[in-house]
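One structure is given here, and the rest of the page talks about it.
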Amino acid sequence: MRPDRIPLAGVLGAPIAHSKSPRLHGHWLRTYGIQGHYIPMEVAPEKLAEALRMLPELGFVGLNVTIPYKEAVLELADLVTDRATLIGAANTLIFRADGKIHADNTDGYGFMENLRQNAPDWQPASGPAVVLGAGGAARAVIVSLLDSGVPEIRLSNRTRIRADKLREDFGHRVRVVEWVQAGNVFEDAATVVNTTSLGMVGKPEMRVPLDGLRAGTLVADLVYTPLQTRLLRVAADQGCQTVDGVGMLLHQAVPGFERWFGHRPEVDAAARAAVLG
Ligand code: NAP
């Protein structure tokens, strides 16, 4: 990157209009008075490789990557971090001065930082965790929970074979629970995380019975539209500590912004308000 150039970053996906990342990075750029731009870009699958070759030439220092390219970029990157390899997807690219593309996955980091910020007394190792869902987000959550010392993960997904695959990938601390049994494994859980899209605006409501939730359990939802999902409402009514999904979105963006623009941004009320509009 030439020093006289204004650094550019952005988010690449298809579709991209829904992405909240431009609002967040735009807010941070303004707040810290940084000369730079963050641009949403929709690219067709057959143009992905070409776009990744061209963008550094145009002054881009890196990118976020979202659906449907989080897996495909692993093949196109020159260097992939261990955690992105383990998760099987990348969401953050850095275009290095030597021309190499570095791919990382910060979703698990964002998930953990959100819990650390909003539930500072939470002890991941104090008991089993229940993870609902076995999609891309679940992989990042499971890797970070295992890293933080959770003794057992009870993983439940509508399509069992996807949960079985995660057990195969992540080992014996993951135990698969039938989807119809998910409500029966909450009682002694220290942590419950929804990584499905259930409860999101436009998606069906979560129908897993929640009466087994106990006071003291930390319940986190990755869904952030709406902010207060039924899961979080019921959990709070039953005395659980709850954490909504928007903080994960904010925290996962921190490492990329810092690498691209040279300033570690704050995840504070103003950043949250910027994303929630
Ligand atoms: P994904 O790979 O498409 O996985 C979707 C998951 O939801 C799968 O486990 C799927 O089960 C389950 N699901 C969908 N419809 C269902 C239904 N009707 N009944 C039961 N299960 C159903 O998506 P993802 O990337 O993992 O994202 C999942 C959710 O997390 C989305 O709402 C996304 O917005 C949110 N998310 C939030 C953040 C954040 O920063 N807060 C980050 C990443 C993702 P099957 O396997 O049976 O289809």
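Here are a few things to note about the model shown:
- In terms of packing, defined here as the mean over residues of other Cβ atoms within 10 angstrom, the peptides 182-193, 30-41, 95-106 line up highest first as 182-193, 95-106, 30-41.
- Residue-averaged 222 nm ellipticity for the chain, from DSSP H runs of 4+ at -39500 (n - 2.57), nearest 500: -10000 deg cm²/dmol
- Over the chain, the alpha carbon radius of gyration divided by the compact-protein estimate 2.2 N^0.38 Å works out to 1.02.
- Region 1-88: relative contact order as a whole-number percent, Cα under 8 Å and 6+ apart: 39
- In this structure the amide hydrogen of Val174, modeled in the peptide plane, comes within under 5 Å of the amide hydrogens of Ile153, none closer than 5 places in sequence on its chain.
- Counting every C-alpha pair in region 35-95, the share spaced more than 15 angstrom apart comes to 48%.
- What the Cβ-Cβ distance of Leu79 and Gln181 gives, at R0 = 45 Å and to the nearest 0.05, is a FRET efficiency of 0.60.
- Rg/Rh for region 159-215, where both radii come from Cα atoms and Rh is the Kirkwood radius: 0.98
- Across all directions, the shadow cast by the convex hull of region 1-127 built on its C-alpha atoms averages 9.5 square nanometres.
- Distant-in-sequence amide H partners of Tyr38 (H built 1.01 Å from N, under 5 Å): Ala9
- Whole-Å semi-axes of the ellipsoid equivalent to region 87-138 (Cα gyration tensor, √5λ, descending): 29, 15, 8
- Against the empirical 2.2 N^0.38 Å (N residues), region 120-244 has a Cα radius of gyration ratio of 0.95.
Throughout, read-outs are computed from the coordinates displayed, never taken from laboratory work. It should be emphasised that the depicted structure is a prediction, and the values quoted were computed from it without experimental measurement. Heads up, the Cβs are rebuilt from the backbone with ideal geometry, glycines too, and the neighbour counts pull from every protein chain shown.
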